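Here's the structure we're looking at; comments come further down.
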Amino acid sequence: ESAYDKALFEQALAQGKPTVVDFSASWCPTCKAQKPIVSGLLLEPRFKSLTVFVADYDKEAALKRQLRIAQQSTFVVFKDGKEVARSTGETDKAAIAELFSKSL
């Protein structure tokens, strides 16, 4: 996981890398529940090529507009440079793993 960086994000998409943007907010209990799940999944070998950018829901207004994000705790999944899936408020590890696997 790394903090959202516009240049790195655009580079990852341009290269077609498996990418997830995690819209998170420090005040969001669902986001807090998601954090250890995401960290754990990224340790699994199948997700070693996945890049997760954590975007601050309160600060990344342009990115929220670009991706049409309505609320925090949203994951947006990209494969080959295109959005392939998204989910909001998910805290089930298996469901998040399935979502992330759509990027691979």
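The values are calculated or read from the model by the stated rules, or taken from the named source; none is laboratory data. Computed from a predicted model, the values in this text were never measured in an experiment. Virtual Cβ from ideal backbone geometry, glycine too; neighbours counted across all protein chains shown. Accessible surface is based on the protein model in full, side chains and every heavy atom, while ligands, DNA and RNA are left aside. Shrake-Rupley method; radii C 1.70, N 1.55, O 1.52, S 1.80 Å.
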For region 15-46, what are the residues that are open to solvent by 90 Å² or more (accessible area, probe 1.4 Å) and aliphatic (A, V, I, L, M)?
-> 43
Among the residues of region 14-33, how many are touching a helix residue (DSSP H, G or I) at 6+ places or on another chain (Cβ under 8 Å) and more than 23 Å from residue 82 (Cβ to Cβ)?
-> 1
Would you tally the residues in region 5-27 being assigned to a loop (DSSP other than H, G, I, E, B) and over 13 Å from residue 75 (Cβ atoms)?
-> 7
Which ones in region 82-103 are part of a loop (DSSP other than H, G, I, E, B) and open to solvent by 30 Å² or more (accessible area, probe 1.4 Å)?
-> 89, 90, 91, 92, 102
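Name every residue in region 6-24 that is in contact with a strand residue (DSSP E or B) (Cβ under 7 Å, 6 or more places away or on another chain) and of a type outside the set (Lys, Arg), in order of residue number.
Within region 6-24, 9, 12, 13, 18, 19, 20, 21, 22, 23, 24 meet the criteria.
What are the residues in region 37-72 that are among the polar types (S, T, N, Q) and more than 17 Å from residue 8 (Cα to Cα), if any?
Matches in region 37-72: 39, 71, 72.
Considering each residue of region 47-81, count those that are open to solvent by 80 Å² or more (accessible area, probe 1.4 Å) and at positive phi, and give that number.
Of the residues in region 47-81, 2 are open to solvent by 80 Å² or more (accessible area, probe 1.4 Å) and at positive phi.
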Scan region 85-104 and report the pairs whose first residue is within 18 Å of residue 46 (Cα to Cα) and whose second residue is open to solvent by 50 Å² or more (accessible area, probe 1.4 Å) and aliphatic (A, V, I, L, M), with Cβ atoms within less than 6 Å and a gap of 6+ or a chain change.
-> 102/84
Scanning region 46-81 residue by residue, those under 14 Å from residue 24 (Cα atoms) and either in contact (Cβ under 8 Å) with a residue 60 or more places away in the chain or part of a loop (DSSP other than H, G, I, E, B) (or both) turn out to be 57, 58, 59, 60, 69, 70, 71, 72, 73
